[in-house]
Amino acid sequence: MRSIRISLLVWLITWQLLAALLLAMSTYAHTLARINDLNDAELRQVALSAMLHYGEHHEPEAAESAAPPPDGLTLMIQVWTRDGRMVHSSGGHVDPGSWFTPTTGYATRTVGEHRWRVYTHEGANGLLFQAGQDLEQREEIAFDIALKMLIPSVAIVLLISAVLTYALNQHLRPLAATSQEIERRSATSLEAIDVANLPVEILPLVESINALMQRLNKALAAQRQFTADAAHELRTPLTALRLQLRLLGSAHDEAEREAAMADMHGGIERATRQVEQLLALSRLDPEAVVSADVVIDLTELVRSVVADFSLRAQSEGIDLGADLTHQVGAFDGNPDQLKVLLNNLIDNALRYSRHGGHVDVRLATDRNSGMIVLEVIDDGPGIAPEERPRVFDRFYRAASSQTEEKTIDGTGLGMAIVKSIADHHGATVTLGDGLPGRRGPGLSVQVRFPPGSS
């Protein structure tokens, strides 16, 4: 696992050492160039001084026997005739003729394993006065200066590295503390992390984590509530089935057994429907994201769902119709969820409508806002205005479900599912009066989708 702290320190130290090395190399090159300039000028001065000291008009003589050069000698002087005969040398250890060059000015000559910088000046009497210096000595001086620059540079790099290490450790403490805070969080402890003393660099990350934990907390709370509600609501139909099974076992004749069997079939159907509704609701996760790349033809979807319910409506003597004459725009959403929404709305309308009643499904576009409006209207008992906000609560059943004519079996989940699907699509659901009839004012459920997309 890669450490940001170690990677940053290695990167900084490496580049600082390279900078120190480049500084030393640059110092060596510039120092050597400066030394060459100064020593070349000194060579010229020494050659001219030798000419004055030896005498421009001194006649050539036999070569003087020169004593060995003293320790630490850096400069050597030689005097030559034009024909290459050495007249004088201040360093007898140098091979005669090795320096000789009839060309005046500066030159670099090789003597054994050493390279010498030589300046030649011609006197009036034809003698050549030469001054030379070993180039290795110049390089040693430049190297020594560069090394003296490199050592403190490396020491400074090490000092800076230590300061950086300390500074990084100090400034990364809030990150380590935040990491520990996150580690202490669990499914039962999703409180937000305190951002009061955090650096601005990690503030967006921590705020994103807080937002995620808030969503998780909300989702887990909804899941716990759903589980508790589902367990409570399933207990009733299961208890009823046990009682009906007991009645079936204690039936004395065929008529009682058939009645008990009919009750059991009805109870099983109610329990099955309730389980299906619970499963449908559980799939509508609070964090679900509606797919935005599916273009839905709402007109065709409404026509298909109405056709599915047409046989049931006909068998119950209910007039089910669809008004699809208005053109609606394209809509991006989840076709499976929208079909569940329509199924619940039409199923509720049929359940609350009497024999000979009417249920209308309308689809149109609001001219003012451009919103797509889906409306399911019936002439059933309707819902009292004060109860309408509550019908979207899970397992809530309006008082109109119990009438003198019949008791309507329901799970109290249909409108909760409708509301959840509408929320996922950015739509709003409103309730109002529908088609007035003998049983009541009827009910209108209107779902308004934003134009063009979910």
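A short reminder: the numbers here are calculations on the coordinates, not readings from a lab. Note that the coordinates shown come from a computational prediction; the quantities given were computed from them, not determined experimentally. As a convention, Cβ positions derive from the backbone with ideal geometry for all residues, glycine included, and neighbour counts pool all protein chains shown.
Of note:
- Inter-label distance, nm, simple model (7 Å from Cα along the C-beta direction), residue 169/residue 215: 3.8
- ³J(HN,Hα) computed for each position of the range 348-357 - Karplus, 6.51 cos²θ - 1.76 cosθ + 1.60, integer Hz, glycine/proline x: 4, 4, 5, 5, 8, 8, 8, 4, x, x
- Label-point gap, in nm, between residue 272 and residue 369 - each point 7 angstrom along Cα→Cβ: 4.0
- For the pair residue 351 and residue 193, a Förster radius of 60 Å applied to the C-beta separation gives a FRET efficiency near 0.80, rounded to the nearest 0.05.
- Neighbour-count ranking [beta-carbon atoms within 10 angstrom, fewest first] of 212, 241, 301: 212, 241, 301
- Residues 372, 160 arranged by fewest to most Cβ contacts within 10 Å: 160, 372
- Residue exposure sequence - 355, 326 - by fewest surrounding Cβ within 10 Å: 355, 326
- Between residue 256 and residue 19, the contour length at 0.36 nm per residue exceeds the alpha carbon distance by 75.3 nm.
- Take each peptide in 315-321, 164-170, count the other Cβ atoms within 10 Å of every residue, and average; sorted highest first, the result is 315-321, 164-170.
- Taking each residue as 0.36 nm, the span from residue 208 to residue 332 lengthens on full extension beyond its C-alpha to C-alpha distance by 41.8 nm.
- With the simple spin-label model, which puts each label point 7 Å out from Cα in the Cβ direction, the residue 101 to residue 247 separation comes to 12.8 nm.
- Maximal additional length on extending the residue 37-residue 311 stretch stands at 87.6 nm, based on 0.36 nm per residue less the C-alpha distance.
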